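First up is the structure itself, then whatever we jot down about it.
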Amino acid sequence: MAQAPRKRWLTFERRILLLTLGAGAPAILATAVLLFFGDYDLGTRWSSLLVITLVWFGCALLARDRFAYSMRSLANLLGALREGDFSFRLRMDDKGSLGEVYAQINEMAETLHVQRLGAMEATALLQKVISEIDVSIFAFDSGGTLRLINKSGEQLIRRQAEQAIGDSAENLGLASYLNGPVATVTRAAFRGGAGQWSVRRGAFREGGQPHQLLVLSDITRPLREEELHAWQRLVRVLGHEINNSLTPVKSLSSSLLTLLSRDPLPDDWREDVYSGLNIISNRCDALNRFTGSYARLARLPQPKPQPVSVAEWIDRVVPLERRLAIAVSRGPDLVIQADSDQLDQLLINLLRNAVDASLERGGVVSLSWRGDASGGGVEVWVDDEGHGIANPANLFVPFFTTKPGGSGIGLFLSRQIAEAHAGTLTLRNRAPGPGCRATITLPG
């Protein structure tokens, strides 16, 4: 067995006592010399020396005890701080250097008290938020043992916190999410319910040890509501377009039936019938184009990436627009991974819109490109000198158009192509100057 360390005889307090005695020793020796070599009787000499010696020892002991008391007070305060008791304070009796030390330690204790109070309030608020938030939160240590769970998590696994904490992720049915992707959307079934879940995982440390935070959010209802709204918008648009085509068809059909039921027929009945049937045919063609546009939008295939030279892409598409000469300001010869056919369609749509806008005001269309700020990608912009964007909120709404005979899917389809390539498409009014700028950003 290891022996406990022996206490040193010459402790700090005894050293203070010896130093105090040593400080007064020369004066005691000098007094003794004066007493024994002076003209005093023996009783006076010894009694005086005894009194002086007792006073000497008493003062030394008093100095030692006073110093020890100050040190014990400091030790008690530091011990209280270590234990989390910030109400302890030192009494300010001394106005000297020791009093300054007391003042600094008292201020430190007050600062720690305020910080501790703020930390406790913040922790209480965080615990309240975690407890009441409508998201299931779990915290696991490095061994996969549950250390924290909120109310929503209890409802999800159908177990109280007292029963669940300390159990393994495997037994709770959550092990696959601790080893899976950091963020994902999955369909899963738990004891507390089934549906579509957004799963997020993050790492943190507590007490120097790694932990994992697992957050599961049920997105089934929001997805269903968004899906319902999408269907409602789609039905509203489809109904509007179909009614626009069927209403004149029905009206003209009734008029033609009334015309053909006359006896005798009017002299110009052939012209009226021909004109009416021609209008019906045109409206049917328009309706067919509309449904074809919708089918095309719904069948946008996944891009097939291959090396594409940006300069060759621009040079291939620009000559296809013959109504107006496009002013091309050439950028660096970059190569990106993309589906060339879809990129062609994207740029064709943007150039067509830019030319349509510029022709109304007799303006020009310019195009340029450069490498993006992140490196490896490309940023292409198309500028026109039209009237600009009057209603930005409807820019990418399918089937919304301000052009006579327009389908309203060009910009929406263009943005779908850009996003399918992990890029972006934005349109903004130019400042300064008339018109707007379409910006395509594509990764390398």
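The values are calculated or read from the model by the stated rules, or taken from the named source; none is laboratory data. Just so we're clear, the structure is a prediction, and the values are computed from it rather than from any experiment. Cβ coordinates were reconstructed from backbone atoms using ideal geometry, including for glycine residues, and neighbour counts include every protein chain displayed.
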* **Enumeration of residues in the range 321-352 that are touching a Phe, Trp or Tyr at 6+ places or on another chain (Cβ under 9 Å) and part of a helix (DSSP H, G or I)** => 340, 343, 344, 347
* Asked: What number of residues within the range 119-150 are of a type in the set (Val, Ile, Thr) and in contact with a strand residue (DSSP E or B) (Cβ under 8 Å, 6 or more places away or on another chain)?
  -> 5
* Structure fact -> For the range 153-178, pairs from a residue that is under 16 Å from residue 202 (Cα atoms) to a residue that is among the β-branched types (Val, Ile, Thr), with Cβ under 9 Å and 6 or more apart or across chains, are 169/145; 174/157; 177/184; 177/186; 177/199
* **Long-range neighbours under 6 Å by Cβ, at least six apart or interchain, first residue touching a residue at least 12 places away in the same chain (Cβ under 8 Å) and surrounded by 15 or more Cβ atoms within 10 Å (Cβ to Cβ) within the range 419-441, second among the aromatic types (Phe, Trp, Tyr) and assigned to a strand (DSSP E or B)** => 437/381; 439/381
* To do: Test residue 344 against the criterion of being out of contact with any strand residue (DSSP E or B) (no Cβ under 9 Å at 6 or more places or on another chain), surrounded by fewer than 20 Cβ atoms within 10 Å (Cβ to Cβ) and under 17 Å from residue 434 (Cβ atoms), and give yes or no.
  => no
* Answer yes or no as to whether residue 414 is in contact with a Leu (Cβ under 8 Å, 6 or more places away or on another chain), of a type in the set (Ser, Thr, Tyr) and at pLDDT 75 or above. => yes
* Hey, can you tell me all the residues within the range 31-47 that are at pLDDT below 80 and either in a helix (DSSP H, G or I) or closer than 30 Å to residue 101 by Cα (or both)? => 31, 32, 33, 34, 35, 36, 37, 42, 43, 44, 45
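Per-residue answers, yes or no, for (1) of a type in the set (D, E, K, R); (2) touching an Asp or Glu at 6+ places or on another chain (Cβ under 7 Å); (3) surrounded by fewer than 16 Cβ atoms within 10 Å (Cβ to Cβ):
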site	(1), (2), (3)
150	no, no, no
159	yes, no, no
162	yes, no, yes
173	no, no, yes
182	no, no, yes
* Residues that are at pLDDT below 75, charged (D, E, K, R) and assigned to a helix (DSSP H, G or I), drawn from the range 250-301 -> 283, 289, 296
* Only one of these is within 18 Å of residue 135 (Cβ to Cβ), in a helix (DSSP H, G or I) and either of a type outside the set (Gly, Ala, Ser) or in contact with a Lys or Arg (Cβ under 9 Å, 6 or more places away or on another chain) (or both): 155, 163. Name it. => 155
* **Count - residues of the range 113-141 that are surrounded by fewer than 11 Cβ atoms within 10 Å (Cβ to Cβ) and polar (S, T, N, Q)** => 1
* Restricting the range 184-233 to residues that are aromatic (Phe, Trp, Tyr) and either part of a strand (DSSP E or B) or touching a Gly at 6+ places or on another chain (Cβ under 9 Å) (or both), the residue that is surrounded by the fewest Cβ atoms within 10 Å (Cβ to Cβ) -> 204
* Structure fact -> Only unsatisfied item for residue 198, checking (1) more than 16 Å from residue 172 (Cβ to Cβ); (2) in contact with a strand residue (DSSP E or B) (Cβ under 7 Å, 6 or more places away or on another chain); (3) modelled with pLDDT under 85, is (3)
